[in-house]
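Readers should treat all values here as calculations from the given coordinates under stated rules, not as data from a laboratory. Keep in mind it's a predicted model, so treat the numbers as computed, not measured. Glycine also receives a Cβ, built like all others from the backbone with ideal geometry; neighbour counts cover every protein chain displayed.
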């Protein structure tokens, strides 16, 4: 587990200017916050998220519907920050959750929709913690690619895999998919 964080941290630190998420991941690694939902991908192989349904909803679901534009990513982050803070989630865990949400919404915008399409962000409490679910119109399965030092994109789901308790996806009856992540409520 720590080796995965070290590899990710080394990769992100190699870029200039230094990415904030590199510092966050290094900090989380030292705090022992890394509990992976699934095994890391072997060198040169992709990892597909769990295809099981997301955890059972225990509270009302808060839903934000967005148009797929770059500005939607910040709007989703702001919405999630307010929701997580209102639910009493630990400040450090909120920051980690926002990184996870940022990656999921970015993927929905860049890979799961066309400009102007609808993306929705759903937040709810489950019996295993806060859950974020991002829906888009694409049927393509989300895949976490292996971390490499020479790629400039494609690390989002690898980051989600490291920082979330669990993540996965399900196809929607109406078409498209919902990618979910179980967030942490507190740091170690």
#### Entry: Neighbour-count order for 132, 96, fewest beta carbons within 10 angstrom listed first
96, 132
### Message
Classify the range 37-182 from the C-alpha gyration tensor, please: rounded if a/c falls under 1.5, else prolate or oblate depending on whether a/b exceeds b/c.
### Response
rounded
### Task
For residue 63 paired with residue 141, estimate the spin-label separation in nm (one decimal), with each label point 7 Å from Cα along the Cα-to-Cβ line.
2.8
### Query
So how much slack lies between residue 172 and residue 75, counting 0.36 nm per residue of separation and subtracting their Cα-Cα distance, in nm?
32.5 nm
### Query
So how much slack lies between residue 120 and residue 186, counting 0.36 nm per residue of separation and subtracting their Cα-Cα distance, in nm?
21.2 nm
### Task
For the range 88-169, just say rounded, prolate or oblate: build the C-alpha gyration tensor, square-root its eigenvalues into a ≥ b ≥ c, call rounded for a/c under 1.5, and beyond that prolate if a/b exceeds b/c, oblate if not.
oblate
